[in-house]
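The values are calculated or read from the model by the stated rules, or taken from the named source; none is laboratory data. Every value quoted in this text rests on a predicted model; they were computed, and no experiment measured them. No Cβ is skipped: glycine too gets one built from the backbone with ideal geometry, and neighbour counts run over all protein chains shown. For accessibility, only protein heavy atoms count, side chains too; no ligands or nucleic acids. Shrake-Rupley method; radii C 1.70, N 1.55, O 1.52, S 1.80 Å.
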Amino acid sequence: MERTSEGAPHLRAYPTYKDSGVPWLGDVPAHWEVHRQRNIVYLMVSNVDKHTHEGESPVRLCNYVDVYKNDTITDRIPFMRATASQEEINRFRLRMGDVVITKDSETWDDIGVPALVNYEAPDFVCGYHLAILRPRKDVIYGEYLLRALQSRNVAVQHYVAANGITRYGLSQDAIKSVWIPLPPLPEQRAIAAFLAHHDRLTRRYIHAQQRLIKLLTEQKQALIQQAVTRGLDPAAPLKDSGIAWLGKIPAHWETLRAKYVFREIDDRSATGSETLLSMSQKLGLVPSYRIEERRLLSVSYAGAKLCQIDDLVLNRLKAHLGVFALASEPGIVSPDYTVLRAARPICPRYFELILKTPACRTELCKRVKGIVQGFWRLYTEEFYGIVLPFPPLEEQRKIVEHLDIQLQSLNETITRIQRQITLIREYRTRLIADVVTGKLDVRGFEVGRTSESASHLDDDTWEDLEDEETDDAPDDLDVV
């Protein structure tokens with residue numbers, strides 16, 4: 001039966017198949033072998049941590065994040081600096097063609113994430129929480145091993161073998177016991193070249209779509225900035241607000257410090273049985289079950305802060321990044337959050353919009369307290385000091401209604417593009433699985449016409465550009 005898919009035309013199944021003997025691999029081409037990893041790679045589990053000790057040599061560490069965010073490890077990555085003994089350098093120095101995998105993680109499905117090493121140097125070593133898989137050159141190529149480990153059919157073996165409760169890890173025996181489908185070496189080259197080619201096409205498409213999202217987001221911000229600071233009447237006379245970040249505002253508007261617009265509420269739950277709400281910059285303040293990535297959950301939420309509909313809830317650690325939202329339903333939130341309620345008649349949505357403008361977020365950043373950036377906090381007294389524009393109440397409502405209409409089309413377009421990106425990523429995952437397990441025969445694909453050698457994979461990461469802007473952050477009661 002012919003198997004074809006978009007972007008992979010005229011690819012067919014192999015002529016004959018056999019049972020691999022491994023349930024999650026299923027049938028494989030008749031001339032392929034299936035081996036445990038212990039028979040095809042040399043395994044080294046690194047213990048080089050990010051430390052600096054006297055008497056040791058300076059090194060550059062390939063660390064967990066480098067592997068998690070990159071398919072390929074090259075010298076374009078800003079590696080962490082540390083020191084290591086000569087014995088550690090000898091044991092864990094990385095070489096071209098090695099594959100490094102994540103050995104430990106906070107979530108089971110981040111276990112076994114691979115990256116191909118495409119760079120080596122005398123001071124370049126593998127860091128802690130990682131394992132080096134060095135291919136036996138007469139058996140398997142690193143480029144192919146990378147793709148095999150990216151296949152869900154292979155990766156599931158890591159998920160099943162991972163041990164832990166709050167943190168998961170793979171034993172050396174578990175890594176060695178993973179089954180790998182093994183075509184002949186020339187076929188491995190063909191598979192690696194084919195998938196590298198399609199990765200390039202996929203990256204280009206995704207990057208183009210992400211740039212479009214960025215432009216649409218900037219257009220949204222411009223519309224919001226204009227409406228919430230200048231109003232809807234372009235002919236309205238303006239006055240200087242006297243506030244640097246705000247600039248000119250309509251002459252009939254007032255300005256008020258935030259303490260005259262909001263008041264902090266510190267009501268606590270007696271039982272913790274109310275709906276648990278979680279903060280996400282992408283989703284807002286929503287019931288916790290809507291956020292997929294969960295962390296540690298509290299045994300009891302008694303003592304959590306209560307909030308009502310239209311309360312403004314701030315994540316103190318990330319408020320300056322725009323991580324705050326109006327409550328769309330009553331519930332409970334982390335005691336470390338700030339709950340603010342209207343101190344006078346207002347349209348809460350108007351003030352949420354203006355507080356999230358880039359100009360106002362810059363002002364929020366000036367008011368945070370703390371030494372280390374990751375632990376900056378926006379306290380209530382500092383928030384109270386921000387001067388906000390204050391249009392008449394009816395005008396606040398009209399501005400919000402106008403923006404809801406203006407932004408609807410832009411939001412729908414962004415959602416549609418994000419869905420397309422999701423689908424192309426799902427297609428990539430399926431394509432890797434089908435090719436690596438022999439469901440599609442790529443031996444006749446002439447990769448040389450349209451892409452470089454498979455040994456020179458792109459250095460681009462698979463990290464979304466939009467993540468740099470949004471920072472989805474479920475830092476709510478799951479850390480209480």
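At-a-glance table
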| item | result |
| --- | --- |
| Computed label-point distance, nm, for sites residue 426 and residue 65 using a 7 Å Cα→Cβ extension | 3.1 |
| Anchor residue 369: lysines whose Cα lies under 28 Å away (excluding residues fewer than 8 positions away in-chain) | 50, 259, 282, 305, 318, 356 |
| Accessible-area ranking of 50, 239, largest first, probe 1.4 Å | 50, 239 |
| Rounded FRET efficiency, nearest 0.05, which uses the C-beta distance separating residue 205 from residue 235 and R0 of 41 Å | 0.40 |
| Accessible surface of the chain [probe 1.4 Å, protein heavy atoms]: carbon and sulfur percent | 50 |
| Rounded to whole Hz, the Karplus (6.51, -1.76, 1.60) HN-Hα couplings of the range 220-235, x for glycine and proline | 4, 4, 5, 4, 5, 4, 5, 6, 7, 10, 10, x, 9, 9, x, 8 |
| Cut-off under 5 Å, modelled amide H: who pairs with residue 304 long-range | 269 |
| Distant-in-sequence amide H partners of residue 84 (H built 1.01 Å from N, under 5 Å) | 57, 59 |
| Value of D in µm² per second that Stokes-Einstein yields for the chain, Kirkwood Rh from Cα pairs, at 25 °C (0.890 mPa s) | 95 |
| Cα pair distances of the range 255-411 binned at 10 Å [whole percent] | 10, 38, 36, 14, 1 |
| Cut-off of 10 Å, at most 14 other beta carbons, DSSP loop: longest stretch of the chain lacking such GluC sites (Glu not before Pro) | 121-291 |
| Translational diffusion of the range 180-296, µm² s⁻¹ [Kirkwood Rh, Cα pairs; Stokes-Einstein; 20 °C; 1.002 mPa s] | 101 |
| FRET efficiency for residue 310 and residue 251, using Cβ-Cβ distance with R0 set to 35 Å, rounded to 0.05 | 0.75 |
| Efficiency of FRET from Cβ geometry, residue 267 and residue 289, R₀ 30 Å, rounded to 0.05 | 0.80 |
| Potential extension, residue 160-residue 343 segment - 0.36 nm per residue separation minus Cα distance | 60.6 nm |
| Rounded accessible area per residue of the chain, 1.4 Å, Å² | 49 |
| For the range 256-344, alpha-carbon Rg over 2.2 N^0.38 Å | 1.05 |
| Gained length - residue 222 relative to residue 43, 0.36 nm times residue gap less alpha-carbon distance | 59.1 nm |
| Under Karplus coefficients 6.51, -1.76 and 1.60, residue-wise ³J(HN,Hα) of the range 86-103 in Hz, glycine/proline x | 5, 5, 5, 4, 5, 7, 10, 5, 7, 10, 4, x, 5, 10, 10, 10, 6, 9 |
| Alpha carbon centroid spacing (whole Å) that separates the range 80-109 from the range 158-201 | 17 |
| Chymotrypsin sites (Phe, Trp or Tyr not before Pro) restricted to DSSP loop in the range 95-199 with at most 10 other C-beta within 10 Å | none |
| Estimated vicinal HN-Hα couplings, Hz - the range 309-325 in sequence order (Karplus 6.51, -1.76, 1.60; Gly, Pro = x) | 4, 6, 5, 8, 10, 10, 7, 4, 6, 10, 4, 5, 9, x, 8, 7, 6 |
| Built amide H within the under 5 Å cut-off of residue 107, gap 5+ | 168 |
| Rg [Å, one decimal], Dmax [Å, integer] - the range 69-123, C-alpha atoms | 12.4, 34 |
